[in-house]
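> First the structure, which I've put down as structure tokens, then a few questions once you've had a look.
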Amino acid sequence: GWQASMKSGSLSILPCSRLPVQLMSQVRVYTSNGQKKDLGSEDTNGSTPEETPHKVGTGQDMTNAGQKQSFLKEPIQVKVKAVLKKREYGPKYTQNNFITGVRAINEFCLKSSDLDQLRKIKRRSPHDDTETFTVYLRSDVEAKSLEVWGSPEALARERKRRKEAEIKYRENLFRNQRLLREYKEFFGNTKPRSSAAAMFFKGPGKVVMVAICINGLNFFFKLLAWVYTGSASMFSEAIHSLADTCNQALLALGISQSARTPDPSHPYGFTNMRYIASLISGVGIFMMGAGLSWYHGIMGLLHPHPIESLLWAYCILAGSLTSEGATLLVAINEIRRSARAKGLSFYQYVVQSRDPSTNVVLLEDAAAVLSVAVAATCMGLTSLTGNPYYDSVGSLGVGTLLGTVSAFLIYTNTEALLGRSIQPEQLQRLTELLESDPVVRAIHDVKATDMGMSKVRFKAEVDFDGRVVTRSYLEKQDIEQLLQEIQQVKTLEELEAFMLKHGENIIDTLGAEVDRLEKDLKQRNPDVRHVDLEIL
């Protein structure tokens with residue numbers, strides 16, 4: 001036994017060779033030599049060899065003996081917590097994973113008829129258009145692939161062969177598409193007009209096509225006027241119209257490419273093609289328009305030459321002013337209509353580059369109208385004074401105006417391509433919509449990115465209320481039957497099976513709640529096309 005008394009909190013640890021322990025409802029006495037006896041069978045009046053020294057000792061020993069007897073009357077209560085043994089999940093457990101039919105066919109080189117013999121499992125669909133879809137156990141698919149191909153080596157060879165065939169097909173994709181077009185032309189194509197072609201008869205596509213036609217005619221007549229007069233300002237105007245025509249043709253290409261449907265390589269679509277085309281257009285205006293205008297103006301200052309009659313030049317400028325003004329009005333009306341539909345002002349719609357194609361037409365035509373006025377003024381001064389330097393200064397002024405427009409286009413389209421955030425008011429509405437739902441406790445790390453063309457991608461970390469999710473699951477269950485299942489649970493194994501069964505169903509309920517929230521966000525905010533809600 002211990003030779004001294006030790007204090008630990010309110011519990012006295014006494015010099016005793018026996019420690020009484022009560023486990024649940026059974027009390028055992030554990031001695032220092034490893035023997036144990038039932039407390040009820042112990043003779044408290046008897047003596048043992050271990051107790052003899054204490055009985056013949058000093059008064060202190062008698063006191064310790066008395067404390068020992070009182071300690072034995074109040075045994076320590078020890079509760080043992082029953083826990084499940086921690087399970088080690090190895091690679092074998094992942095064989096229970098599910099796999100879709102498409103992946104089974106592609107990854108394991110199977111046919112759809114091979115999957116008919118396998119077990120089919122209905123699971124909640126991740127797609128909006130269907131509620132459930134069929135999946136297969138990965139272990140079943142792997143076993144079927146070995147049955148079909150005979151060995152893992154044969155399966156690997158088939159995978160390699162199919163991969164090489166896929167690479168070869170991609171390399172010949174252009175030739176296949178050309179052959180497909182030839183077949184359509186030979187057999188006849190009765191399909192209705194594609195959506196890409198229909199885009200050029202309304203909205204931004206219509207504005208771009210009108211601008212292409214008008215600027216093409218303006219370039220032709222301005223070029224004739226420059227050849228006849230030799231005016232530097234008229235040359236700048238001709239180059240300006242040529243740059244506008246080329247840039248707007250590039251915008252038309254961007255509009256048609258943006259209508260392409262998403263593919264595996266571009267899952268979010270091609271809407272940014274409009275911004276890319278507008279960015280290249282801005283660079284083109286700077287290079288062709290501003291650069292050539294500055295060059296011709298500087299050369300006119302260094303090597304001035306007399307200008308012929310400017311009568312035809314004035315007539316062409318007047319016609320150009322009328323046509324450019326008409327195109328400008330078409331662009332202004334389209335932007336006003338679109339801005340009104342989005343609830344924005346005209347200035348906000350232009351600065352935020354909501355519609356890059358229409359913005360390019362608007363700014364190019366506005367610059368064209370101003371440049372016509374500048375060119376006409378400088379040519380008039382040259383005609384009145386006979387000094388050709390005014391005409392060269394006009395060319396420099398037109399180049400500066402085009403450089404300013406190109407800088408604005410480059411800046412706004414670069415900002416759009418970088419992925420800027422949506423307006424704070426719109427982000428606040430989305431946040432309040434989520435937080436007002438009973439199943440959501442809080443949301444964190446909210447990000448809403450404008451993907452272009454009024455398409456928003458929303459992401460947030462969501463703290464779900466597990467009680468509400470569980471109650472939502474219980475509302476769909478037979479409570480009486482569930483209560484009977486609980487009453488039948490007697491062992492740890494039965495408890496584990498019960499919890500695993502309903503735990504998986506509760507996880508499915510949580511997934512259904514996530515789908516519901518994503519659907520509500522898209523319905524109430526049509527601009528939100530992609531929603532990523534991550535569970536905290």
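The values are calculated or read from the model by the stated rules, or taken from the named source; none is laboratory data. Keep in mind it's a predicted model, so treat the numbers as computed, not measured. Cβ: placed from backbone, ideal geometry, glycine included. Neighbour counts: every protein chain shown. Side chains are part of the model used for accessible areas, which takes the heavy atoms of the whole protein and leaves out ligands, DNA and RNA. Shrake-Rupley method; radii C 1.70, N 1.55, O 1.52, S 1.80 Å.
> Protein chains only, probe 1.4 Å: how do LEU430, LEU492, LEU418 rank by accessible area, largest first?
Values: LEU430 0, LEU492 85, LEU418 130 Å².
Final ranking, largest accessible area leading: LEU418, LEU492, LEU430.
> Follow-up. Could you give the nm distance between label points at ILE506 and THR322, where each point is 7 Å from its Cα heading toward the beta carbon?
About 7.9 nm separates the two model spin labels.
> What FRET efficiency, computed as 1/(1 + (r/R0)^6) with R0 = 56 Å and r the Cβ-Cβ distance, is obtained for LEU418 and ARG157, rounded to the nearest 0.05?
Working: r = 46 Å, r/R0 = 0.82.
FRET efficiency, LEU418 to ARG157: 0.75.
> To the nearest 0.05, how large is the calculated FRET efficiency for LEU224 and THR404 if R₀ is 41 Å and r is the Cβ-Cβ distance?
Working: r = 28 Å, r/R0 = 0.69.
The value I calculate is 0.90.
> Between LYS122 and THR491, what's the calculated FRET efficiency when r is the beta-carbon distance and R0 is 30 Å? Round to 0.05.
Details: r = 31 Å, r/R0 = 1.03.
According to the calculation, E is roughly 0.45.
> Then there is this: Please list, in order, the residues from region 225-250 whose amide nitrogen is less than 17 Å from a point placed 7 Å along the Cα→Cβ vector of THR385.
The answer is 232-233.
> When the solvent-accessible surface of protein heavy atoms is calculated with a 1.4 angstrom probe, in what order do ILE255, ILE506 fall, highest first?
Details: ILE255 0, ILE506 45 Å².
Accessible-area ranking of ILE255, ILE506, largest first: ILE506, ILE255.
> Quick check: residue separation of ALA341 and ASP263 times 0.36 nm, minus the Cα distance between them. What number comes out in nm? Before the final figure, lay out the partial values.
On the way: separation 78, 0.36 × 78 = 28.08 nm, distance 2.98 nm.
Here the segment from ALA341 to ASP263 would lengthen by 25.1 nm.
> Next question, about the same structure. Under a point-charge model restricted to the Cβ atoms of Lys and Arg (+1) and Asp and Glu (-1), what is the dipole moment magnitude of region 424-535 relative to its Cα centre, in debye to the nearest 20? If you can, show how the numbers build up before the last one.
Values: 16 positive and 25 negative charges, 97 e Å.
Charge dipole of region 424-535: 460 debye, to the nearest 20.
> Could you give the spread of the C-alpha atoms of region 276-376 along their three principal axes, from largest to smallest, in whole angstroms?
Principal-axis extents of the Cα atoms in region 276-376, largest first: 54, 28, 18 Å.
> Here's something else I'd like to know. With the cut-off at 21 Å, tell me which of the pairs LYS111/LYS160; LYS122/LYS522; LYS459/LYS522 have Cα atoms farther apart than that. Could you put the intermediate results ahead of the total?
Working: LYS111/LYS160 17 Å; LYS122/LYS522 26 Å; LYS459/LYS522 13 Å.
Over 21 Å Cα-Cα: LYS122/LYS522.
> How charged is the neighbourhood of TYR136? Take every other residue with its Cβ under 15 Å from the Cβ of TYR136, and add Lys/Arg as +1 and Asp/Glu as -1. Provide the component values of the computation, followed by the final result.
Numbers: positive: ARG103, LYS111, ARG119, LYS120, LYS122, ARG123, ARG138, LYS144; negative: GLU107, ASP114, ASP116, ASP140, GLU142, GLU147.
Net local charge, TYR136 excluded: +2.
> Next question, about the same structure. Test of understanding: what is the full-extension gain from LEU302 to LYS459, defined as 0.36 nm times their sequence separation minus their Cα-Cα distance? Display every interim value, and only then the final one.
On the way: separation 157, 0.36 × 157 = 56.52 nm, distance 5.94 nm.
That works out to 50.6 nm of additional length.
> Taking the simple approach of a point 7 Å from Cα along Cα-to-Cβ for both LYS206 and PHE498, what is their distance in nm?
A separation of 6.8 nm, rounded to one decimal place.
> Note the full-extension length gain between PHE98 and GLU166 as 0.36 nm times their separation in residues minus their Cα-Cα distance, in nm to one decimal. Show your work: numbers first, answer last.
On the way: separation 68, 0.36 × 68 = 24.48 nm, distance 2.58 nm.
Answer, rounded to one decimal: 21.9 nm.
> Pop a pseudo-label 7 angstrom from the Cα along the beta-carbon direction at both LEU482 and VAL148 and give the gap in nm to one decimal.
Distance between the two pseudo-spin positions: 4.2 nm.
> Taking region 424-535 as the region of interest, what is the percent of Cα-Cα pairs per 10 angstrom bin, listed from the shortest bin to the one with the maximum distance?
Reading the bins upward from 0: 12, 38, 24, 15, 9, 2, 0.
> With a 1.4 Å probe and all protein chains kept in place, how do PHE235, PHE108, PHE408 rank by accessible area, largest first? Numbers along the way, then the final one.
On the way: PHE235 40, PHE108 10, PHE408 70 Å².
Sorted descending by solvent-accessible area, the residues read PHE408, PHE235, PHE108.
> Place a point 7 Å from Cα of ASN333 in the direction of its Cβ. Which residues in region 351-386 have their backbone N less than 18 Å from it?
358-359, 361-363, 365-366
> Another question, if that's okay. Project the alpha carbons of region 200-418 onto their principal axes and report the range along each, largest first, in whole Å.
62, 28, 28
> A further question on this structure: Can you give the accessible area of ILE167 in Å² (nearest 10), computed on protein heavy atoms with a 1.4 Å probe?
Ignoring ligands and nucleic acids, ILE167 comes out at about 90 Å².
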